[in-house]
Amino acid sequence: MLYSTQLLNQFLETQTGSLDPEALMRDLTTASVELEGFESAFPLLAGAPGEKIVLARITAVSKHPDADRLNICTVFDGLREYQVVCGGSNVVPDMLIAFAMVGAEVKWHGEGDPIVLTPAKIRGVESEGMICAAEEIGLGALYPATDERAVLDLTDAFQNPSVEEWLGKPLLHVLGLSDQYVLDIDNKSMTHRSDLFSHVGMAQEIAACLPNVVTRLKSPLLKRMKEAPETITVTIDDPALCLRYMALELAVDATKETPAFIVERLRQCGIKSINVIVDIGNYVMIEYGQPMHAFDEQKIHNNTLHVRLAKTGESIELLGKQTKQLSTETLVIADDEKVLAVAGVMGGEHSGITTNTKRIVLEVATFDAVTVRKGAQQIGVRTDSSLRYEKGLPEELVTLGSQRAFELLEDFADAQLIGMTSVNHATDDKKEIVMSLEMITRTTGLQLSAKEVKALLGRLQCKVVTPRVYGTELRITPPWFRRDLNIPEDIIEEIVRLYGIQNIPVQPIIGEVTIPQSEAEYTAGRRIKDELTALGLQEVLTYSFYGTELMKTVGYEQNGEHVEIQNPLSEDLRYLRVSLIPRMLEVVKRNDSAPRVDIFEVGHVYTPSNEARQIGVVVRDVDAVRIVRGIVESLLAQESVPFVTEKIAATVDCPFWNLYQGKQALRYAVDNPNNGDVAPDAVLGTLGSVSPKVLQRMGISGTVAFATLSLPNMLKYGAREQKGLAAISPYPAVDIDVSLLLGNDVAWGDVEQVIRSHAGDQLKSLSVVDVYRGERVDSDKKSVTCRIVLQSQSETLEMKTIELWRESLMRDLHTEFGAVLRDK
Amino acid sequence: MKDIVQKIEAEALAAITAATSLIDLQDIRVRVLGRKDSALGNLLKQLKDLSADVKREVGPLLNSTRDGIEAALQTKTTALEEATEAEGLDLTLPGITPSRGALHPMTQVMNEMVDIFREFGFMVHEGPELDSEYYNFETLNIPKTHPARDIQDTFFVNTPITRPEKHDLTDGKWVMRTHTSNMQVRILEEHEPPLRCIVPGRVFRNEATDATHDHTFYQLEGFVVDKNMNVGQLLWMLQEVLRAFYKKDVTVRLRPGYFPFVEPGYEADMSCVFCDQKGCRICKHTGWIEMVGSGMIHPEVFKAAGYKEGEYTGFAFGLGMSRIAMLKYGMNDIRLMHENSFEFLNQF
């Protein structure tokens, strides 16, 4: 929000007569709102380039030899003369002018970016600088031009004899504009303070926060309006949405020029001048914070205004001729026939003020904050008016605002009061906040006396009553414009900021020492991430959302398990992930050129009935499946989770099968011999290879495998606490390497089971060293080389025993799978 | 005999001199000194058959010859070993890096901050990311009419959510949590003060993505509840934590700030650690960096958690961890966080 210091100064008494922006920057920011920055109200006249725009006099004028509309002027700045070519229609000798020297910045016709002046040749004649029109140096509002080719004539402004001293001096100082600044205050920092969205409110706040600044606003200085008949009928459907409505019928002269001071102050606050009626309305809004809207009385059917919600199918053509459909939640102002305005947001084109307007109906009202915000959102228009209503305005402002508007309209638009309708549903409930001095100390650590508190709150115009005899109780009544003060804590905040937050004593925390009870899954998650990085994986973080397209690409059939976002930012963010894998595959694609991809993520997955942490592992490698398996099993071992694996296939109903190569998956479940069917909470996770179709659709080259694990189930069945040391055998371990010729369709898992049951508790480890298919074996066969390591806890295994063991194993493998030893 | 010994010695020494490898030397040792059928070995074996006089003469000669050859072999072995030891060694070749995993930089920064709080005795809870309006807004004194609850700021969920919850929340809407403050009342309900808790985690805002905004980002919420907590302690806590994180002295300045679930509420600025308050691009030449939203827990929040009015006081604060990570590493685009390009990730 922009504020004009000149307007603020109107309501303040300061030592120098005007606010010092540096002091505001320092003091206001620490005690109140965030002043984001300030700038001279006349930026073209300020700073180093601005000093090159000076007061000067034209000493001679002659016609340009080659251009009818150009003159060659001699300009004197008190020191020397300059030759300037000028197109101004009003240049004459002895005229005082705004002279922009070489190096100054001006805006052509008051528009676009500033241009730096350089020496120029205009139609063959040298020109050093420029004689400025008001709008070219940002003075268009203060010095309206008589015709569009006229330059700024300052002759009348300097009648006194000392004018010679002023020649050559920067215009900003000569015109007394150097103490005018525009302040930019962060709206967010005052969103709960509707009173600060006005110059009067901000002035009061500045007076409360800054030393040596006091407010001049003791009581409303506005004159009361005379009684007038109710010429307009106003109906309000739901008083909760409009507690106060005032309609003034006024005869006006809408063709009058808006006074320069209003146009200028509006400009400083970033508001364009429209016409005298609208400008005065806007001016009262920036002064007092009360928005208002003027209707052309002739365009209102039957002199009737209804404040109601829009009906189905209604629409409005807004000022600026944009037509908007209205929803039944939008509050509007309508006559008997049509919608005239969206309440608190914007009026319609039809009833807008024109030069033909003779009578107006001025609406000054209080609308419900939420309703106005909804209305603004619905039509997609946010205005200076809706911005203020959204903060919640007090009804008391309606009286102040309408009086001020009438006063100005009377002075500058020849307004005459014809009628006045005032509807008031507001209740007058003065609230009192009761609190004790101890509360202040308890919450802030500050020890303040009742007298000090009274003085501090007095600066905010709070009434404070303390019991006369004894006690620390305070009874506080905030002023009407501070609707945000309701509970003792609100008052404490005010006391602290006025006392100076920097004066709060810093205190270490003293308290009971306990061992913190952290969420077990958080601690486990940290550990698991460390274990996975130790296994060489890179952590990634992907979005929790994906869309139909990615779901299709990875072969998901959409189903009810997905939680849908009502208002996604875009279609690719519509659903909440039920698995980490789809987004992780995008990461594989993103890094397709990397020599190797091995990544993991620990993140939440969501279904309507559950939200849980999942561990996702994705590897791109020729041996991806075995690598992922190795990672998963290392992790499970590290977490001491007893597990079994089971190959499952598309016989199980699952909407995600298309992601799995061959519609096969390896399921990890808790090793629990008593449990025949696998209960859902016993499933630890699944592992699979990504279907080549999916890889092709995603444009991923190579082989990709993945696994997902449930962190809560791992934590539930992990037995890290029970982990003990296994006995270390004193007897040597024996390696037995066996190369088996097996049918292509024999699964290793079945072979493994036979070997395991044969070895019993002497099996130290069992690994597959090599799987070979190719020229040296029959095409329907594969050669699997495995290494069996046997070790006994009680004896040295003799060669003879081992040989017998191996022979019996081979017999069984032959019987079960037709396996034979492969010749070397 | 003597001649034979001298001849063997001369030949052996010549062979040792000519030897070029350790294998050659091994051969010479076997041929001349070996137990089985070696030149000198055979002579030594014959010694026992000779007369005492001859023994007395030849014995020492054989012994000294054997020692001499042995010494020559040793010297040559050492020389050869020294000569070949450094062969093929080039210390200037670049290293071969083992395949290495790493945590995402966001996780690294988050862990660092969490560990500082753990040292202060804070417990850590992450909580749900999809939460009810009840815990994300209502219990935090953010009424239905508050702009934060607008569809422009918050992701709402269409699908009915049926999770077991302490309260019946089936009627209310569910949202992607807009802050990690959603855990305040959940924790207050489950634990007894005194409480020190942090909530690190992922949060969501419905806003268009650009270099400084992402719809998904990371926060760390913290709160302390006890009988008499005050603003001075909040200030101390923030100062200590930031000092531990940045490993240098830090001053924290409080400014009025508005958050519905704290009263009084403060924006906490940290003295700029990047320029020591001399003025830089990061602090926009003000010497201060806005770091934390904070304040004293609002009485309505205690009320929502079922606490007796006025029994406890507490403070709460929220650290923008995405921003802290960006500042730490000099990242100028928040989108890098979820892009997961290896060019980015491999730097950490």
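Readers should treat all values here as calculations from the given coordinates under stated rules, not as data from a laboratory. Every value quoted in this text rests on a predicted model; they were computed, and no experiment measured them. Backbone-built Cβ (ideal geometry, glycine too); neighbour counts: all protein chains shown.
Some points to look at:
- Cα-based shape type of the range A:307-401, given that a ≥ b ≥ c are square roots of the gyration tensor eigenvalues and the cut on a/c is 1.5: oblate
- Antiparallel bridge percentage (DSSP; both residues within chain A; nearest 5): 95
- A:Thr16-B:Lys248 FRET efficiency (beta carbon distance; Förster radius 60 Å; 0.05 resolution): 0.90
- If R0 is taken as 56 Å, the Cβ-Cβ distance between A:Gln753 and B:Tyr329 corresponds to a FRET efficiency of 0.65.
- Using 0.36 nm per residue and subtracting the Cα-Cα separation, the extra length available between A:Thr328 and A:Thr472 on full extension is 46.6 nm.
- Nearest-ten-degree value, helix A:624-638 long axis tilted from longest Cα axis of chain A: 90
- Inter-label distance, A:Asn424 to B:Phe344: 6.0 nm, where each label sits 7 Å from its Cα along the C-beta direction.
- Between B:Pro147, B:Pro98, B:Pro200, the GNM of chain B built on Cα springs shorter than 10 angstrom shows B:Pro98 fluctuating the most.
- Along the axis of the charge dipole computed for the protein assembly as shown (Cβ charges of +1 for Lys and Arg, -1 for Asp and Glu, origin at the Cα centre), the listed residues A:Ala727, B:Thr162, B:Ile8 are led at the positive end by B:Ile8.
- Angle in degrees between helix B:52-85 and the longest Cα principal axis of chain B, rounded to the nearest 10: 30
- For trypsin sites (Lys or Arg not before Pro), the sites in the range B:49-121 that DSSP calls loop and that have at most 12 other Cβ atoms within 10 Å are B:Arg100.
- Looking at the range A:325-375, the GluC sites (Glu not before Pro) that sit in a DSSP loop and have at most 11 other Cβ atoms within 10 Å of their own Cβ are A:Glu337.
- For A:Met810 and B:Arg56, the FRET efficiency from 1/(1 + (r/R0)^6), where r spans their Cβ atoms and R0 equals 56 Å, is about 0.20.
- Spatially proximal aspartates and glutamates relative to A:Lys781 (Cα-Cα < 15 Å; intrachain offsets below 8 disregarded): A:Asp745, A:Asp770, A:Asp823
- GNM top mover of B:Pro299, B:Pro260, B:Pro164 - chain B, alpha-carbon springs below 10 Å: B:Pro164
- Here the Gaussian network model covers chain B, with springs between Cα atoms less than 10 Å apart; of B:Val124, B:Val54, B:Val157, B:Val54 fluctuates the most.
- A:Val652-A:Thr548 pseudo-label distance in nm [points 7 Å out on the Cα-to-Cβ vector]: 2.9
- Proxy reagent accessibility, fewest Cβ within 10 Å first, across A:Asp156, A:Asp179: A:Asp156, A:Asp179
- Using a 4.7 Å Cβ-Cβ cutoff, the cysteines of chain B lacking any partner cysteine are B:Cys197.
- Overall form of the range B:1-55 per C-alpha gyration tensor (a/c, 1.5; a/b vs b/c): oblate
- The distance separating the Cα centre of the range A:144-217 from that of the range A:223-294 comes to 23 Å.
- Length released on extending from A:Asp623 to A:Asp778, taking residue separation times 0.36 nm less the Cα-Cα span: 53.5 nm
- For the range B:5-41, trypsin sites (Lys or Arg not before Pro) meeting the loop criterion (DSSP other than H, G, I, E, B) and having at most 15 other Cβ atoms within 10 Å: B:Arg35, B:Lys36.
- When only the Cβ of Lys, Arg, Asp and Glu is charged (+1, +1, -1, -1), the dipole of the protein assembly as shown relative to its Cα centre reaches about 1640 debye.
- Rounded to the nearest 20 debye, dipole of the range B:200-258 from Cβ charges on Lys, Arg, Asp, Glu: 240
- Assuming charge only on the beta carbon of Lys and Arg (+1) and of Asp and Glu (-1), the dipole of chain B about its Cα centre is about 640 debye to the nearest 20.
- Contact order for the range B:45-200, expressed relative to its length and based on alpha carbon pairs under 8 Å spaced 6+ residues apart, stands at 27 percent.
- A full extension of the chain between A:Gln447 and A:Met799 corresponds to an added length of 117.8 nm, given 0.36 nm per residue minus the alpha carbon distance.
- Chain A: angle of helix A:520-534 to the longest principal axis, Cα-based, in degrees nearest 10: 70
- Charge-dipole axis of the protein assembly as shown as Lys and Arg at +1 and Asp and Glu at -1 on Cβ define it, positive-most pick from A:Gln614, B:Tyr307, B:Ser181: A:Gln614
- Straight-distance crosslink candidates among aspartates and glutamates, where the alpha carbon sits under 20 Å from A:Lys107 and sequence neighbours closer than 8 are dropped: A:Glu39, A:Glu51, A:Glu128, A:Glu135, A:Glu136, A:Asp147, A:Glu148, A:Asp153, A:Glu264
- Set A:Lys451/B:Lys308; A:Lys63/A:Lys169; A:Lys589/A:Lys693; A:Lys663/A:Lys693; B:Lys55/B:Lys76; A:Lys663/A:Lys716 screened for pairs whose C-alpha atoms are more than 19 Å apart: A:Lys451/B:Lys308; A:Lys63/A:Lys169; B:Lys55/B:Lys76; A:Lys663/A:Lys716
- Alpha-carbon centroids, the range B:300-348 and the range B:200-257: separation in whole Å: 7
- Each semi-axis of the equivalent ellipsoid for the range A:158-299 is √(5λ) with λ an eigenvalue of the Cα gyration tensor; in descending order they amount to 36, 24, 15 Å.
- The separation of the range A:570-643 from the range A:403-437, counted between C-alpha centres, amounts to 64 Å.
- Placing dummy labels 7 Å off each Cα toward the beta-carbon, the span from A:Asp770 to B:Leu47 is 5.4 nm.
- Reach of A:Lys299 by Cα under 29 Å, taken over lysines that are not fewer than 8 positions away in the same chain: A:Lys226, A:Lys256, A:Lys272, A:Lys311, A:Lys321, A:Lys324, A:Lys338, A:Lys358, A:Lys374
- Amide H partners (placed H, <5 Å) of A:Leu309, local residues excluded: A:Val332
- For the Cα trace of chain A, dividing Rg by the Kirkwood Rh returns an Rg/Rh value of 1.17.
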